[in-house]
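Okay, so here's the structure we're looking at.
The values are calculated or read from the model by the stated rules, or taken from the named source; none is laboratory data. Since we're looking at a predicted model, the values are computed, not measured. Backbone-built Cβ (ideal geometry, glycine too); neighbour counts: all protein chains shown.
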């Protein structure tokens with residue numbers, strides 16, 4: 001069953017007649033062949049029931065499929081092949097580049113010693129940064 005991430009909004013009347021609103025996100029397993037966003041019928045109930053179960057006493061104001069994180073992209077692997085990363089983000093791109101640059105070592109970001117690299121300021125803490133933090137203590 002494919003997983004679908006859903007953003008939703010709910011509201012309720014609070015004490016004093018004021019309306020409270022909150023947003024949330026759920027991930028659901030949807031049976032194959034079922035469109036949870038179909039315009040009518042029992043298919044919608046999969047999503048609605050899940051939101052109601054999580055927010056008893058609240059009214060659903062709307063919901064939609066959450067946008068996917070990142071993009072799908074093919075990258076090189078240590079053995080010379082390739083693999084597809086389905087939620088490829090900037091952070092994963094930097095990690096993939098640093099990993100390849102350092103010869104696919106176990107912790108390329110901490111071990112990096114190339115301050116002239118364009119990614120150097122964006123890749124996280126290095127061994128040198130950890131040592132300088134310790135010297136301050």
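Structure notes:
- Screening the candidates 94, 51 for the property of being more than 29 Å from residue 28 (Cβ to Cβ) and either out of contact with any helix residue (DSSP H, G or I) (no Cβ under 9 Å at 6 or more places or on another chain) or modelled with pLDDT of 80 or more (or both) yields one hit, 94.
- One residue stands out in region 54-70 among those that are surrounded by fewer than 12 Cβ atoms within 10 Å (Cβ to Cβ) and modelled with pLDDT under 90: the one that is farthest from the chain's Cα centre (by Cα), namely 62.
- Which listed residue is surrounded by 11 or more Cβ atoms within 10 Å (Cβ to Cβ), at pLDDT below 90 and part of a loop (DSSP other than H, G, I, E, B), from 75, 34: 34
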